[in-house]
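Student: Mind having a look at this structure? Questions to follow.
The values are calculated or read from the model by the stated rules, or taken from the named source; none is laboratory data. Note that the coordinates shown come from a computational prediction; the quantities given were computed from them, not determined experimentally. Glycine gets a Cβ as well: all are built from the backbone with ideal geometry, and neighbour counts include every protein chain shown. Note: areas computed on protein heavy atoms with side chains; ligands, DNA, RNA excluded. Shrake-Rupley method; radii C 1.70, N 1.55, O 1.52, S 1.80 Å.
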Amino acid sequence: MKVELNKSTAERIFHAVLFELLGNVVIAIFISAVLKVSLLQSGKLSVISAITATVWNYIFNKSFDALQRRYAFERNFIVRILHAVIFEIVLVLSLTPVAMFLLDLSLTKAFVVEIGLIFVFLPYTLVFNWTYDYIRWRLVANKASA
């Protein structure tokens, strides 16, 4: 599957918002259940995480596409793993202080919570982006053949 790189700003925004809406529902429920905090607390963290991750998602994917154009690599399984890992590392580092403050946790516990969320979000990121690219590729192929 060769991914079309000419994505509009509107499509990038759609991609990022869809990613965050689906993902943060999962996260709010997960945090509430695992940490035994209210859905309101986990929801606040989810909203701040969503805003942070949406902005980061846009910047990261735009930069990723530029790298792909420059170096002409395919988005194979290994590249998708690297894509997801790099995305999550930066996100964890930026959201650890937020979790610390909102959930009244020590730096260590907040970091552990954020690392724990990787085990939820890393597979989600990989599957979401791969599925999104596949559906987009199918839509573009169908549009081109019509």
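Student: Within the accessible area of the chain, what % is carbon and sulfur when the probe is 1.4 Å and the other protein chains stay in place?
Tutor: 74 percent
Student: Still on this structure, I have one more. Which Cα, out of Ser63, Val26, Val140, lies furthest along the positive dipole direction of the chain (beta carbon charges, K/R +1, D/E -1)?
Tutor: Farthest towards the positive pole: Val140.
Student: If you plug each phi of region 18-35 into the Karplus form 6.51 cos²θ - 1.76 cosθ + 1.60 with θ = phi - 60°, what whole-Hz ³J(HN,Hα) values come out, in order, with x for Gly and Pro?
Tutor: 4, 4, 6, 4, 5, x, 7, 5, 4, 5, 4, 5, 4, 4, 4, 5, 6, 8
Student: Using +1 on the beta carbon of Lys and Arg, -1 on that of Asp and Glu, and nothing else charged, what's the dipole of region 1-53 about the Cα centre, debye to 20?
Tutor: About 100 debye.
Student: Then there's this: Kindly write out, for region 84-90 in residue order, the coupling ³J(HN,Hα) from the Karplus curve 6.51 cos²θ - 1.76 cosθ + 1.60 (θ = phi - 60°), rounded to whole Hz, with x marking Gly and Pro.
Tutor: In residue order, the calculated couplings are 5, 5, 4, 4, 5, 4, 5 Hz.
Student: Starting at the first residue of region 99-114, write each ³J(HN,Hα) from the Karplus equation 6.51 cos²θ - 1.76 cosθ + 1.60 with θ = phi - 60°, in whole Hz, x for Gly and Pro.
Tutor: Each residue of region 99-114 in turn: 4, 4, 6, 5, 9, 6, 10, 5, 4, 5, 5, 5, 5, 4, 4, 5 Hz.
Student: Arranged from highest to lowest average of other beta-carbon atoms within 10 Å per residue, in what order do the peptides 65-77, 43-55 appear?
Tutor: 43-55, 65-77
Student: Leaving out ligands and nucleic acids, and using a 1.4 Å probe, what accessible area per residue does region 41-109 come to in Å²?
Tutor: 57 Å²
Student: If I model a spin label at Ile81 and Leu21 as a point 7 Å from the Cα along the Cα→Cβ vector, what separation in nanometres do I get?
Tutor: Simple spin-label model gives 3.2 nm for this pair.
Student: Here is a follow-up. Report, in debye and to the nearest 20, how large the dipole of the chain comes out about its Cα centre when Lys and Arg carry +1 and Asp and Glu carry -1 on their Cβ.
Tutor: Magnitude of the dipole: close to 360 debye.
Student: Further question on the same structure: Taking 2.2 N^0.38 Å as the expected size of a compact globular protein, what ratio does the Cα radius of gyration of the chain give against it, to two decimals?
Tutor: 1.13
Student: A further question on this structure: Peptides 106-116, 7-17, 24-34: what's the order by average Cβ count within 10 Å, highest mean first?
Tutor: For the peptides 106-116, 7-17, 24-34, the packing ranking is 24-34, 106-116, 7-17.
Student: Another question about this same structure. Could you check which residue among Leu35, Leu21, Leu95 shows the biggest mean-square fluctuation in a GNM of the chain with a 10 Å Cα cutoff?
Tutor: Maximum among the listed residues: Leu35.
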